[in-house]
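The values are calculated or read from the model by the stated rules, or taken from the named source; none is laboratory data. Since the model is a prediction, treat every value here as computed from it, not as a measurement. Cβ placement follows ideal geometry from the backbone for every residue including glycine, while neighbour counts extend to all protein chains displayed. Surface areas here come from the heavy atoms of the whole protein model, side chains and all, with no ligands, DNA or RNA. Shrake-Rupley method; radii C 1.70, N 1.55, O 1.52, S 1.80 Å.
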Amino acid sequence: MFPYPEQYRLAAPPLVTALMVLWSIVSRALFGDDSAIAFYPLFMLFPLNILLHGKLIWQAKGIERLDQSIYAFIHLSLAFVVWTFAIMHVNGHSF
């Protein structure tokens, strides 16, 4: 279907992280501080990242599983920080 399906699979978790940042910026501007509509997608995006990395690890073969595990550890560590700050940004001054 796609000419390079492996690259699309590998790029999915960072794209979800970028979507977190974009959603937090846009939703804060649209809905204001402390909107439930802004929070719920953020609460679903980080677990989606975890599932995508789990799928990448599951589909890898041999020593590539170790590579995918290291990729998952590094990206999920950074994505957790981004996710936390996205939630703080959406929360605004209502904390």
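When the trypsin sites (Lys or Arg not before Pro) in the chain are filtered for DSSP coil states and for at most 14 other beta-carbon atoms within 10 Å of their beta-carbon, the remaining sites are LYS61. Could you tell me how many degrees, from 0 to 90 and to the nearest 10, lie between the Cα long axis of helix 64-91 and the main elongation axis, the longest principal axis, of the Cα atoms of the chain? So the inclination is approximately 0 degrees. Here the dipole of the chain is about 200 debye; that uses its Cα centre as origin and unit charges on the Cβ of Lys and Arg (positive) and Asp and Glu (negative).
Note: region 29-95, Cα convex hull, 73 Å³ per residue. Among the protein heavy atoms of the chain, carbon and sulfur supply 77% of the accessible surface, probe 1.4 Å, non-protein parts ignored. In this structure region 16-95 gives 65 Å² per residue of accessible area when probed at 1.4 Å with all protein chains present.
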